[in-house]
Each structure stands twice: as structure tokens, then as C-alpha cells.
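Laboratory data are not the source of any read-out in this text; all were calculated from the coordinates shown. Only a predicted model underlies this, so the values are computations on that prediction, with no experimental measurement involved. Positions of Cβ are backbone-derived with ideal geometry, glycine not excepted, and every protein chain shown enters the neighbour counts.
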Amino acid sequence: MERRPEGLTNGFPQTSGKGSIASHADLWKGRDWVILCALTLLAAALRFYQLGTVPPGFQFDEAYNALDVARVLQGQHPLFLPANAGREVLYTYLQAGLAAVFGLRVTTLRLASALAGIATVPIAYWLLRRLLSRHSRRVALFAALALATSFWHLHFSHYGIRVILMPVLFSGVFGFYWLGSRQRRLWPFLISGLLAGLSVWTHPTGRLVPIVWAGYTIYLACTGGWRLSFKTKPVPFSGADPGHKTNRPLAGLAVAGAAAFLVFLPLGIEFYRHPDYFLGHASEVSVFAQGVAQGSLLLALLRNGLAVLGMFSLQGDLAWIHNLAGRPVFDPLLSIPFWLGLLVLVRRLLRRDDPDRSALALLMIWTLVMLAPSVLSDDAPNFSRTLPALPALFLAVGLGLDAMLDLGSRIARRVRSATRVAPAAGWSLVTAILLVSAGWSLYDYFVRFPKQAEAYYAYDVDKLDAWSFIQPLTQNHQVYLSQLWAEHATLDFLRRGTGVKSLNTTQTLVLPPPGRGAAYVFPA
């Protein structure tokens, strides 16, 4: 007969006599607040440091956002931004709010990403600390520290584009969905749905949330003894209103879906009026689009899948706007706990008596679904398209370092007779890995990356240098930029209000204004 862990029923904690679930929240202590504050300070220090200068320049994707921010500040309030292959608006409105307070400039525009990146680190700790019960404080701390110093997340926290908001939003979406399934109440599903609706206003990966919900709900129905029915059935619960509780997972899914749909509805109407907004860039880069697969579709998917798998330790994103080209997510040292943690994760998922089995399943589904956009599109691996997998992805690092801590302690106990040294040996190993990996990552990002010639052009530093040359000419000349340069988003943003005009020599004859010369500027 299978023995269930104490205090668990079907993988869920039993209710206490006071009418509350014996949850992980009861284990939250004062030291957790200290850890949370320390993680926030570390994340803030790294994300505010050289915010306006690393990455160098002002990349055209950021400039498109800046142009839209300027329009919002002028009173326009779009529901979708069709320029630059189409973009959702929530990030732009956040940038506009910051620009209204601090002014419209590069540092302010990137401040939106920095704040989102800072928030992600303590939220990752809070999320994993609440979802897990076995060594939850250690696992959450290790994962959050690795995330705080990760080149991948650090870069997107300095880069002014919208995808950086997704780890924060998804932490709320899936955290509350798990809470609803754990406590079997409907109000967490409602909050999860509201946040999911908001995520669709932020980035295309928000459209994948229902897949994660459905996968997790099916998992619960298959492993937790729940029935797949919309009809709710009260669960006995001492001291609480049973009408607010349900053991029917589809009831929670329906509540979350309805809330998400209501938040999404205005944008959905906009997509209905303009179908190209919904399809847009995704259809152009999809592996199913004509010419993208370059041969067999099955081979293309296999190739992309291996590329995404290899991005963690072998070869990362090759695009300079996303990465120090080719740098994997984890350096050779941190790769060890990552792969070890994956093995631990799979092993624990296969154990029916593991108290964290349902939480681990949700985090695994979240990770796999959010890695899929890179597998199903061109140029895999793509660090931008896979960023929404954080912080669930870094759970593996936390589990791996936790396993190494235990292993180091066991070895030390066998080697040394003095058992007092054993815990120190394990902690020394883990601390060394985290410190060396952090130093490696920070050196690559703040020292190596901005010095690369490829970064100079990828981030349009050449456009800024050209603008520095052009500005003195505007004092005595009417400056005309070639149409190619004038319509480049970076220069288009910089020349606002300066009188610098665009010149199309095939359609226009320009004469110098009276009393002033004319300067014509063309790219080399």
C-alpha cells in the first residue's frame, strides 16, 4: 500500500481545524523579509548601474518605442502600435508615465525595463518560496541570486523593449492560478485571469497563457483525483464558507478564462478590425511561413529544438541586440547545477509522494510553453522570445545548487571526523559557484559587451555619432537628411523639433532658404 506524506491528501495539504490550509505561507519568517530586501537591493544596484550607457547607443527598436511615447504624451491613446511589425501598448504607457515625470530621454525610457527587472528578482524568490515546501528557502534564494546576476536577464533589464515585463506578469498569473488550485478557491483564479488579460496587452506570449492553464488543469485532473467538470462541488472546510470553494478544476479555469477575456476584449475588437495586427510579425518569422524552414519542416523544428536546448550551455543567441553573440545562458560553472537541477526536477515529478509535485509540474509546463516560440520561429535560439520562461526556468539552478549543497555536506561528513565542518563545506562550494558565475556574467556584460565593434552598429551608436556631427550644422544651415537616414527610427526620434528635414531626391528639388546655406547628409 502506498504511503502518503504526512499532512497531504492527493498531493494537497490538509485543512487545519481553524479553517486555513497548512500552507507554505505559515513557514514565512523574518529572515525571508531580510532576504527579500537584500535581493531587491542587489537587483537594483546591477540594473541601475550604467543604465543609459550599457548597452551603448539607442537601438532602433527602443527608438520606435520612444516615438510612440512622444505621441502618447501629445494626447494620442492607441490600443495597438502597428509600426515596427506591431507592438502591444502596455509597456509604452509605462514608459510614457515615467517620461512625463523624468523627461523623454534614453535613460528614462530604459528605466521602465530596469524597474521591471528589479521587481522580477524578489518576486521570483517569493514565488518559489511560496510554491515549494522542501528546502523552499534555499531553492528560492539560489534561483533568485542566479537570476539577479544572469547576463540574460540583466541585459533585458537595461534594454528598453516590452518583453521584460512578462516574467513579472507571469509570476502573478501562474502563482495565483496555483494558489487557486491549492486552496481550491475561486478568487485566486479571478486575479490570475485579470493578470493574464493584462499580459496580452504587453507581449504576444501572453496569448500562450491558456495553454499553460489547460496543461496544468489536465495534470491536476489526472493526478489529484479531481473531476473534469464545470459544475462546482463544495469541499468540506471547517470555519469557512464552502460556497466559495471547489474541487472542479474546470470551474477555476472558466473563471480565469472569463476574467482574461474581459480584460482582453477591447484589444480583441481591435484585432478583429485589423487582423494583420494579430498575425503581423509572428506570421512572418514562423517556421511554418514560406521560406523560413528552408527545407523539411520536421528537420527545421528538430534543428530549432536542439538550438534552444543548446542555448543553456553551448551556444546562445547570436543576435548582438540580445546577447554577447553566442554566449550561452549559463557559463560552464553554473551549467553544472542547472543540468543537475533538471534531473532532480524530473525525478521529483515522477515521485507520486513528493509534496511539491503539483508546483513543480506547473513550473515545468510554464517553462516548456514559453520556450516554444523560439522553437516555432526563425533564428533559434532567440533570447527575447524565450525570456517569458523566467523565473520558472531558474528553478533548475536552485534545485541543482540545493542538491550540491547536500552532496557537499555528505562528502565532508565522510572525509572529516569533525561534523561541524560538513555544512561549511557544502555552503563554500555553492557560494563559490555563485560568486564566480556572477563575476563572470558582470564582466561579460559591463566590460566586454559594450566594447565590441558589433555592438557599436547593432545599437546604432553610429547614428548617434552622425547626429553629433550634424547638430553644429543646424546653426547656419538647413540640414536635409537622405530619406534612408531620416526614416531610421533612431534619427527620426533625434531630429524631432530640430528643423532637420527628410530629402527624397527622386521627388523633390530643394533650394537653400534665404540667408542660410543648405547641408545635405547621406550615409556613406
Completion exercise
Taking 0.36 nm per residue of separation between residue 102 and residue 410 and subtracting their Cα-Cα distance, the length gained on full extension comes to 105.5 nm
Completion exercise
Residues 104, 179 in order from fewest to most other beta-carbon atoms within 10 Å are 104, 179
Practice task
Show which aspartates and glutamates lie in cross-link reach of residue 451 when reach means a straight Cα distance below 19 angstrom and same-chain residues fewer than eight apart are skipped.
Solution key: 317, 460, 462, 465
Fill in the blank from the handout: Residue span residue 314 to residue 436: 0.36 nm per residue of separation minus Cα-Cα distance leaves a gain in nm of 42.1 nm
Practice task
In Å³ and rounded to a whole number, note down the convex hull volume per residue for the Cα atoms of the stretch 72-220.
Solution key: 132 Å³
Problem - Exposed GluC sites (Glu not before Pro) absent: longest stretch of the chain, with sites in DSSP loops and at most 10 other Cβ within 10 Å deemed exposed - result: 7-524
Fill in the blank from the handout: Quick calc, residue 298 & residue 33: beta-carbon distance into FRET formula, R0 45 Å, rounding 0.05, result 0.30
Exercise for the section: Using a Förster distance of 51 angstrom, determine the FRET efficiency expected from the C-beta separation of residue 452 and residue 134, and round it to 0.05. Expected result: 0.75
Exercise for the section: Extending each Cα 7 Å along its Cβ direction at residue 85 and residue 424, get the distance between those two points in nm, one decimal. Expected result: 5.4 nm
Problem - Cα-based equivalent ellipsoid, the stretch 244-381: semi-axes from gyration tensor eigenvalues, Å - result: 30, 29, 14
Problem - the stretch 287-338-the stretch 69-138 distance, computed between alpha-carbon centres (Å) - result: 26 Å
Problem - 10 Å Cβ shell holding at most 13 others, DSSP loop, chymotrypsin sites (Phe, Trp or Tyr not before Pro): longest site-free stretch of the chain - result: 289-524
Exercise for the section: Could you tell me the convex hull volume per residue, in Å³, taken over the Cα atoms of the stretch 55-120? Expected result: 92 Å³
Handout entry: Label point distance in nm, residue 343-residue 218, each placed 7 Å from Cα along Cα→Cβ
Key = 3.0 nm
Exercise for the section: Divide, for the chain, the radius of gyration over alpha carbons by 2.2 N^0.38 Å, where N is the residue count. Expected result: 1.09
